[in-house]
Amino acid sequence: MAQTTKRALAASLKKLLKERPLDNITVKDIVEDCEVNRQTFYYHFQDIYDLLLWVFTTEAEAVIADNKHAGTWREGFLNTFRYVKENRGMILHIFRSNGREHLDRYLYSMVQQFLADVLEENDKGLNVSDEDKAFIADFFKYAFVGIMLDWISSDMKEDPETIVDRVARLLEGEFRHALEKFSK
């Protein structure tokens, strides 16, 4: 029952985000659209940003779930672009709001974990400290998320496949190469 209610609240938020910016959406708007009371909302979420994080966590992570590996990272990155494009209205209303930091923070967190998994697979036979792997993941994370945020800010005009192909061409063998440079 709890998951059903959470999904219903999420659907209402997503519906409202297609119509207007995040800054113009209140808990009252969500509960009225969802036909539940405020207490129900606050039973499940602290605030709208908590609900937004739940939406990102459940939906976006499903998009890359099977593509967090050295051989499939490209597909995971492409699927992330596709998810953003499919939810264009919602993403742009978040991106252009005071709550944008929540989108940025989520993207950085998701990509950090995604890259940590990819680097772990590329680490075979090398002796790289966890601290150094985290540094390498941070380095690539800023490139990945920066490219995506730039694409969003330009209204998602460029074809995601083209962007990801360029990144893949640029990074071919670079994860392993970076790890080798830090190997002791």
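The values are calculated or read from the model by the stated rules, or taken from the named source; none is laboratory data. Keep in mind it's a predicted model, so treat the numbers as computed, not measured. Positions of Cβ are generated from backbone atoms using ideal geometry, with glycine treated the same way; all protein chains shown enter the neighbour counts. These accessible areas exclude ligands, DNA and RNA; they are computed on the full protein's heavy atoms, side chains included. Shrake-Rupley method; radii C 1.70, N 1.55, O 1.52, S 1.80 Å.
Observations on the model:
- Per-residue extension of 0.36 nm, minus the Cα-Cα distance of Arg105 and Ala2, leaves a gain of 34.5 nm for this segment.
- Restricting attention to the chain, the count of lysine pairs at 8 or more positions apart or across chains with alpha carbons under 13 Å apart stands at 7.
- GNM top mover of Glu32, Glu75, Glu131 - the chain, alpha-carbon springs below 10 Å: Glu131
- Of the peptides 106-112, 87-93, the ranking by mean beta-carbon count within 10 Å, highest at the top, reads 106-112, 87-93.
- Percent accessible area from carbon and sulfur atoms, the chain, protein chains only, probe 1.4 Å: 49
- Solvent-accessible area per residue, Å², over the chain with all protein chains present [probe radius 1.4 Å]: 54
- Each helix, a run of at least 4 DSSP H residues, gives -39500 (n - 2.57); summed and divided by the residues of the chain, these come to -23000 deg cm²/dmol at 222 nm.
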